[in-house]
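K.L.:
Input: one structure, supplied below.
The values are calculated or read from the model by the stated rules, or taken from the named source; none is laboratory data. Please read all numbers here as calculations on a predicted model, not as lab measurements. Glycine also receives a Cβ, built like all others from the backbone with ideal geometry; neighbour counts cover every protein chain displayed.
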Amino acid sequence: MINKQTTEEVVFTEAPPQVSEWRRLRRVFLGRTSVAVGAAIMVLVLLTALFAPLLAPHDPYLVGTTSPLAQPSREHLLGSDTLGRDTLSRLIYGSRTALMVGFVTVTIAAVIGVTLGLIAGYLGGIPYTLIMRIIDTIMCFPMLLLALVIAAILGGGLQNVIIALSFAMIPGYARVTCAMTLSVRENDYVIASQLMGASDGYTVIRHILPNIMQPLLVMVTMQLGSLILAEASLSFLGIGIEPPGAAWGAMVSDGYRYLLKSPILSFAPGVAIMLTVFAFNMVGDGLRDALDPRLRGLL
Amino acid sequence: MSVTVGLSVGIIAAIRRNRWPDKVFTPLTYLGTTIPTFWLGILLIYVFGLRLGWLPIAGYTSPTKDFFFSIRQTVMPVICLSLFGIASSARQMRSSMLEVIQQDYIRTAWAKGLSEREVIQKHALKNSLLPVITIMGFQLRMIFGGSVIVETIFAIPGMGSLLVSSIFGQDYVVVQAVTLVIAIIVLLVNVVVDISYGLLDPRIRYD
Amino acid sequence: MAEILQVNNLVTQFNTEAGLVKAVDGLSFHIKEQEIISIVGESGCGKSVSCLSVMQLVRPPGKIVEGEVLFQDKNLLEYEANDSEMRAIRGADIAMIFQEPMTSLNPVLTIGHQLSEMLIKHENFSKEDALKRVVELMELVGIPDAENRVNAYPHQFSGGMRQRVMIAMALSCNPKVLIADEPTTALDVTTQAQLLKLMTDLVQRLHTSLIIVTHNLGLVARYAERIYVMYAGRVIESGTTKEIFANPRHPYTLGLLRCVPRLDDEEGRKLEPIDGLPPNLINMPPTCAFMPRCSRKQDVCRREPWPALEEVSEGHFVSCYVKSQEKAR
Amino acid sequence: MIGMTEQVILQVKDLKLHFPVTKGLLRKKVADVKAVDGVTFDLIKNETLGLVGESGCGKTTIGRCILRHYQPTSGQIIFDGEDITKTSRNDLRKTRKKMAIIFQDPYSSMNPRTSAGTIVAEPMRIHKMYNSNAEYNNRVIELFKMVGLDPSMIGRYPHEFSGGQRQRIVVARALACEPDLIVCDEPISALDVSIQAQIINLLKELQQSIDGLSYLFIAHDLSVVRHVSDRVAVMYLGRIVEITRSHALYKNPLHPYTRSLLSAIPIPDPFVEEMREEIILEGEVPSPLNPPAGCSFHPRCFMATPDCAKGVPPLRDVGDDHKVACFRV
C-alpha cells in the first residue's frame, strides 16, 4: 500500500478541521443577540399558539366580558374591543390564525414550487421553458394584489386566503429551486451518478434534493415572516378570517376607527405582528449565515 | 418616486459599513422590513395627525388646487410606502457590497495603490449595484401591493383603493381592468430594469 | 548588486473559527536588483500570503503579526496598511500579478480605464496621455489591435490576453520589484511559455527584479536564478537554482524533485511519491513540520524544535538535522 | 500496428460531435462548434492511451462521448464489440456498468452529504450487484484497501478528507463494478505536486494487478501523460494530429504542434533547460467555431507552406505504430 496511515498523519491532515454544522448553528444563534432574541420570540409565539386555550385569560369570542372599549386593567390587561371582548385573549388566539396560515401556505407553496423547480431545472429544454414562462407571468403581479384578486374570486374565508397566498408564493420557490438545481446539476457527482446508469428519479432524490435543502430551509423561514405579514394585510383589508374569529390584521383594522379613544386596540396586535415577523426574519438570517458555505471560516 | 430615495439611502448606509452608521442603520433596516405597512400608517396618523396635529390625516387634494396642502397630505403615505423599499434596498446594497469587496479585482485595485475611496467608488460600486437593480424590480411590485393598503388607510382615491372597493363590490370588470393596468406597468418596469442592467454590465448585450 | 527587497522573520496569522492558522511563520528572503528569484511550494505553504503581506494586502481575519519588509532600507510594515506612503509604493515601486486572470480584472470597466488608472495616479499623466501610453503598453505585451481594444471589456479577452493586460498593468509604472503569484497556473502550456518569456524579457529591459511564486519546478529551473523552497510557512531550503537542483539537501526538496514526472524520463521510471499529506497549519507541533512525512527522519527530529537555516555551502541554506546527501536522479 | 493477440476493447471510428450555436428566440442554428471533428483510435485491453491537448481541443468531449454523456453527431464507438452510439437507454445501463470515469476535481466528484462508504457503494447499488448489506460492506472495505485508504474511514464525509484521499475514493468508486475501461479526465491536475505521484502510481499499480483494465487518460500535461500511457494521442482543435507509442513521442516527435508543445513544457532541471531549444508559438488557439481552413494548425506553424491551407492533412502511418497528420513530415 502506498499511503500508510501512521499516527502522525492523524495530526497532520490537509483538510482543515471542520467546525460541525451544529456548532456553527449554535454559535450563530447564541452569539448574535438579534438572532437569539428572534429565536426566543419565535419559540414563544409557537408555544402561545399551541397552548392558546390554556393561556388566554378569557373566552376570546365571548361578547361583553366587560364594557366595550375598556381601558387596560388588572382583569383585562389590554382592555377590550367594541364588543367588550378581551383583547389579550383575542391576541393569543390570533397567533393561531397567523401561524396556521403561515405554515400551511408555506408547505403547500414549497411542495408545489420545489417540484416544479426541480422538473424545470433538471430536465431543462421544453419543460424548463414552459414552466419558467408561466412562473414569469405570475410574477408580473404583486404578491399581495394577486392574493387579493384570487381571494376575491374565490370569496372570503381562511381556506381561500391560504389557497390565494400559496398560489402567489409558488413562483418564488420554483425559481429558487430551479436556479439551485441548475447549479447543483453541474457538479461532477451528478454526472457521475448518471454515467453509472442511475435513473433520473434516483439522481434527483439522492443527489440534488439533499444539496438544495439548506437554502430552501432558510427561504421557508424567511417566507413565514412575509406570509404572516401578508395574511395580516389581507385580514386588515377585511379578507380572510370571518367573525368572530381572531386575526391580528383584522384587530388592527377594528381598532383603527377608535384610534383616539383606545389606541391600544390597534397598537397591541401591530406589535404582535411586528415581533413575530421580526423573529422569523432573524431566525432565517441566522440560518442563512450559519449554513452559508462561503462564510465558513469567517464566523 | 420613493424608490430613488430608498436606493440612495441604501447606498450611504452600505458604504459606511462596519462603522457607526452600519451599527445604527442595519438594525433600522431590519425594523423597516418587519413593520406592517398598515400599522405604520396608523402609527403615523396617531402621532402626527391626531396627537401632534401637524399633518392632515387622510384624503387627497389635487396639487393644482392647493399645492401645499397636497404636499402635506402626501408626506405620510409616501413615508409609509417607501420605508420597506428603503430598508430592503439598504440591506441588499450592504450585503452586495460586502460580497463585492471580497472579489479578486478589488484586490487588484488595492494593489494598484488606490485609496479606499477610489477602490469603493470606481471599482466596487458599479458591481455591487447590479444585484440591487434586480431587487428594485421586485420592490416596485411590493409598492403596488402596499399602495392598496396605504390608499385604504389614508382614504386616497387611487388604483389600489379602487381595486379593493371593486372587489368588495364584486365588480369584476373593474378588477380585471385594474389588474391589467398594474401588470402592464410592472412589465414596463421590468423592461427598464433589464435595460439598465445591460447598460451597467458590459457582459450583457442585447442583439 | 544591492538588495532591493528584504523580508525578515515575517509572521502572518489567520484567526479562523477552527483555530489560529500560522500561514507564514518566520519567513525571511531577499531579492537583489534585476534578479529573478522563485519561491516554490505546494498549495497552502504560505507563499501567496507572503506576497500579500509584503504589499500589506492581507485581508481580515489575516494579520501580519511581526517581521520586517525592508524596501530600499525602509520598513514598509511601519506604515499603516492604507497610508498614503504605503499606497505610493503599491503599484509604483512594487507591483503584483495574480493567479486568476479571469477574476482579477474588474468586469464592468474597460481595459483602457483599468490600465490608465495607475499612470494617472502614480505618474501624474493626463487622461489623454495615459490612454496613449496604454496603447503602447498593450502593444508592448503583444496584444494585437491595441488601438481598438483599449475600449474593450475584460470578458472580451481570453485568459492569456487578460494575463497580458495584467503584465502591462503591473509594469506600467516601471516598478522596482514585480511579484508574480502563480502567474500562469490557470493557463495552457503554450500560453504559459509565451507569457513567461514575455515577462522575463520585459523585466530585463526595465531592470525590474522579479519574484516568481509557483509550485511548478520546471518553471523554476527554466527561469529563476535563485530559489526559496517553502514548507508550512517557512523557508526550508534556499540557494542558487543550479545548486539546489544538483545538491538538494532537504528531504522535502529531494522528494519534490523525485516525485514529478519529467519529459526526459527513462521508460519505466517509477515515481517516488512523498508519503502522507501536506500539513494543515492549525495547532502545529514545535518540531520540524515535514518530519511526519519524512522518510529520513532520525530521533533528533522528534526531540528537537524546528531546525534553523544553516549554511551548508556558499549561499546554500537548509533547515534540517539530517541533510540528505542523495542526488535527485 | 496492432498484433493479432491483442484484444481491442474500444474502437473509435471517425467520431464527430458538433454543437449547434443558436441565436434568437426561435433557436435558429447559425453555426456549428466542431468540438470533435473526425477522430479515430483504438484502445487495447490492459493498455493506457493518453489523450493530450490544450483546453478546448476536444479531449474531454471525446471522453464524455465514449460514456454517452454526449450523443455523437456521427461516427462509431465500438466498445467490447458493440456500437454503443446506437444502444437504447435500457441497454446502456449494462454498458455503463463496464465503464467508469474519474473527474478532475475531487471536491465536486462526491456528494457532500453522503459518507465515503455510501459513495463507493453507489454504482454497485445502482446495478444491484449484491443481495445483502453485509456483502456491499465487505466489497467497500475491499475497495478501500485496494486504493490505500484505511477502511475505518468508511463512515466519514467528503469534507473530512484531503484532496488526494478524495481522489482515492473516486478511484475506488470507479473500480466498484469491475469495469473494463476507466476514462480518467485530468485525474491529477487539481492535486498538489507531492500528491500527484501517489495517484499516478496507484492507477498504474491497479492496472497491473487487475486483468483487463484499460485507461483512457485525458490530460493537458504532456509529461504526466507520457509517464502513464503506453500510447499517446496529441489533439489540436478537435482532431488527432499525432498518435504514437509514448517513449517515441519524446524521442521523435514529428508534428510541429507536438514539437512546440514539448518545448513549452519545462523540465525541472536547470542543466537540461540550458541546452533546450525553445519554440514559442505565436498567437492563441483559434476558436473551434471558426477554425482555419486546411490544416487548422497552419497559422501558428513554423513549418507551414501556402499549401497547408488547401486541405486537411490525413492521419497517416509513418511506420512503427506512429501516425501523424501533417503534409510536411
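K.L.:
Kindly indicate the residue of region D:20-72 that is of a type in the set (Lys, Arg) and assigned to a loop (DSSP other than H, G, I, E, B) and also nearest to the other protein chains (Cβ to nearest Cβ) among those meeting that condition.
P.N.:
D:68
K.L.:
Is it true that some residue in region C:188-204 is assigned to a loop (DSSP other than H, G, I, E, B) and out of contact with any His (no Cβ under 8 Å at 6 or more places or on another chain)?
P.N.:
no
K.L.:
Take residue B:152 and tell me if it is assigned to a helix (DSSP H, G or I), of a type outside the set (A, V, I, L, M, F, W, C) and modelled with pLDDT of 80 or more.
P.N.:
no
K.L.:
Condition test on residue A:204, is it closer than 30 Å to residue D:98 by Cβ and either modelled with pLDDT under 85 or touching a His at 6+ places or on another chain (Cβ under 8 Å) (or both)?
P.N.:
no
K.L.:
Check residue A:217 against each of (1) at pLDDT below 85; (2) of a type in the set (A, V, I, L, M); (3) within 19 Å of the chain's Cα centre (by Cα) and name the one condition it does not meet.
P.N.:
(1)
K.L.:
Pick from A:99, A:77: which is more than 19 Å from the chain's Cα centre (by Cα), closer than 29 Å to residue A:44 by Cβ and touching a residue at least 12 places away in the same chain (Cβ under 8 Å)?
P.N.:
The match here is A:77.
K.L.:
Same structure again: Count, please, the residues in region C:221-269 that happen to be among the aliphatic types (A, V, I, L, M), touching a strand residue (DSSP E or B) at 6+ places or on another chain (Cβ under 8 Å) and facing chain D (nearest Cβ under 7 Å).
P.N.:
Residues flagged as among the aliphatic types (A, V, I, L, M), touching a strand residue (DSSP E or B) at 6+ places or on another chain (Cβ under 8 Å) and facing chain D (nearest Cβ under 7 Å) within region C:221-269 amount to 1.
K.L.:
Right, another one. How many residues are crowded, with 22+ Cβ neighbours inside 10 Å and free of Cβ contacts under 8 Å to residues at least 12 places away in the same chain if we restrict to region C:68-116?
P.N.:
Adding up the residues that qualify gives 1.
K.L.:
Within region D:73-114, how many residues turn out to be farther than 17 Å from residue D:127 by Cβ and within 10 Å of chain A (Cβ to nearest Cβ)?
P.N.:
Going through region D:73-114 one residue at a time, the tally reaches 13.
K.L.:
Still on this structure, I have one more. Within region A:266-284, which residues are at the interface with chain B (Cβ under 8 Å from one of its Cβ atoms) and more than 20 Å from residue A:236 (Cβ to Cβ)?
P.N.:
A:282
Okay, residues lined up against (1) surrounded by fewer than 24 Cβ atoms within 10 Å (Cβ to Cβ); (2) among the hydroxyl-bearing types (Ser, Thr, Tyr):
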| position | (1), (2) |
| --- | --- |
| C:166 | no, no |
| C:171 | yes, no |
| C:177 | yes, no |
| C:188 | yes, no |
| C:194 | yes, no |
| C:202 | yes, no |
| C:214 | no, yes |
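K.L.:
Within region B:139-157, track down each residue that is in contact (Cβ under 8 Å) with a residue 60 or more places away in the chain and either farther than 21 Å from residue B:33 by Cα or among the aromatic types (Phe, Trp, Tyr) (or both).
P.N.:
Across region B:139-157, the qualifying residues are B:154, B:155, B:156, B:157.
K.L.:
Now for a separate question. Just need a number here: residues in region B:32-44 that are more than 7 Å from every other protein chain (Cβ to nearest Cβ) and either over 15 Å from the mean Cα position of the chain (by Cα) or outside any helix (DSSP H, G or I) (or both).
P.N.:
Going through region B:32-44 one residue at a time, the tally reaches 4.
K.L.:
Continuing with this model, one more query. Taking only region C:16-47 into account, find how many residues are within 14 Å of chain D (Cβ to nearest Cβ), over 12 Å from residue C:235 (Cα atoms) and modelled with pLDDT under 90.
P.N.:
Result for region C:16-47: 4.
K.L.:
Now for a separate question. Pick from A:169, A:132: which is surrounded by 21 or more Cβ atoms within 10 Å (Cβ to Cβ) and part of a helix (DSSP H, G or I)?
P.N.:
Criteria check complete, one pass: A:169.
K.L.:
Also, quick follow-up: Taking residue A:152 as the residue in question, decide whether it is under 27 Å from residue A:101 (Cα atoms), more than 10 Å from every other protein chain (Cβ to nearest Cβ) and either small (Gly, Ala, Ser) or not in a helix (DSSP H, G or I) (or both).
P.N.:
Answer is no for this residue.
K.L.:
Would you check if residue D:130 is away from chain A (no Cβ under 14 Å), touching a helix residue (DSSP H, G or I) at 6+ places or on another chain (Cβ under 8 Å) and buried (at least 17 other Cβ atoms within 10 Å of the Cβ)?
P.N.:
No: the conditions fail for residue D:130.
Quick grid of which residues meet (1) at pLDDT 90 or above; (2) under 13 Å from residue C:216 (Cβ atoms); (3) within 14 Å of chain D (Cβ to nearest Cβ):
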site	(1), (2), (3)
C:156	no, no, yes
C:161	no, no, yes
C:166	yes, no, no
C:173	no, no, no
C:178	yes, no, no
C:186	no, yes, yes
C:191	no, no, yes
C:194	no, no, yes
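K.L.:
With the requirement that a residue be surrounded by fewer than 19 Cβ atoms within 10 Å (Cβ to Cβ), within 13 Å of chain B (Cβ to nearest Cβ) and either free of Cβ contacts under 8 Å to residues at least 40 places away in the same chain or within 25 Å of the chain's Cα centre (by Cα) (or both), what does region C:117-154 give you?
P.N.:
Matches in region C:117-154: C:120 only.
K.L.:
Considering each of B:130, B:114, B:199 in turn, give the residue that is assigned to a helix (DSSP H, G or I), more than 14 Å from chain A (Cβ to nearest Cβ) and under 26 Å from residue C:166 (Cβ atoms).
P.N.:
Unique residue meeting the criteria: B:130.
K.L.:
With the condition being surrounded by fewer than 23 Cβ atoms within 10 Å (Cβ to Cβ), more than 11 Å from every other protein chain (Cβ to nearest Cβ) and not acidic (Asp, Glu), I'd like the helices (runs of 4 or more DSSP H) fully within region A:200-265 carrying at least 2 qualifying residues.
P.N.:
A:209-236
K.L.:
Give just the number: which of (1) under 22 Å from residue B:134 (Cβ atoms); (2) within 12 Å of chain B (Cβ to nearest Cβ); (3) buried (at least 19 other Cβ atoms within 10 Å of the Cβ); (4) not acidic (Asp, Glu) does residue A:147 not satisfy?
P.N.:
(1)
K.L.:
Output yes when any residue across region D:147-160 is surrounded by fewer than 24 Cβ atoms within 10 Å (Cβ to Cβ), of a type in the set (Lys, Arg) and touching a residue at least 40 places away in the same chain (Cβ under 8 Å), and no when none is.
P.N.:
yes
K.L.:
OK, next. Among (1) outside any loop (DSSP other than H, G, I, E, B); (2) over 20 Å from residue D:176 (Cα atoms), there is one condition residue D:95 misses while meeting the rest; what is its number?
P.N.:
(2)
K.L.:
Another question about this same structure. Using the structure shown, decide if residue C:295 is touching a residue at least 24 places away in the same chain (Cβ under 8 Å) and over 22 Å from residue C:228 (Cβ atoms).
P.N.:
Yes; evaluated as a whole, the condition is true for this residue.
K.L.:
Same structure again: Scan the strands (runs of 3 or more DSSP E) fully inside region C:208-311 and keep the ones with 2 or more residues being in contact with a Cys (Cβ under 7 Å, 6 or more places away or on another chain) and under 21 Å from residue C:49 (Cβ atoms).
P.N.:
Once the strands (runs of 3 or more DSSP E) in region C:208-311 are filtered for at least 2 residues that are in contact with a Cys (Cβ under 7 Å, 6 or more places away or on another chain) and under 21 Å from residue C:49 (Cβ atoms), what remains is C:226-231.
K.L.:
Given the conditions (1) within 18 Å of the chain's Cα centre (by Cα); (2) crowded, with 21+ Cβ neighbours inside 10 Å, report the number of the one that residue C:21 does not fulfil.
P.N.:
In the conditions (1) within 18 Å of the chain's Cα centre (by Cα); (2) crowded, with 21+ Cβ neighbours inside 10 Å, residue C:21 misses (1) alone.
K.L.:
In region D:282-329, what count of residues is obtained for those that are closer than 11 Å to residue D:241 by Cβ and of a type in the set (D, E, K, R)?
P.N.:
1
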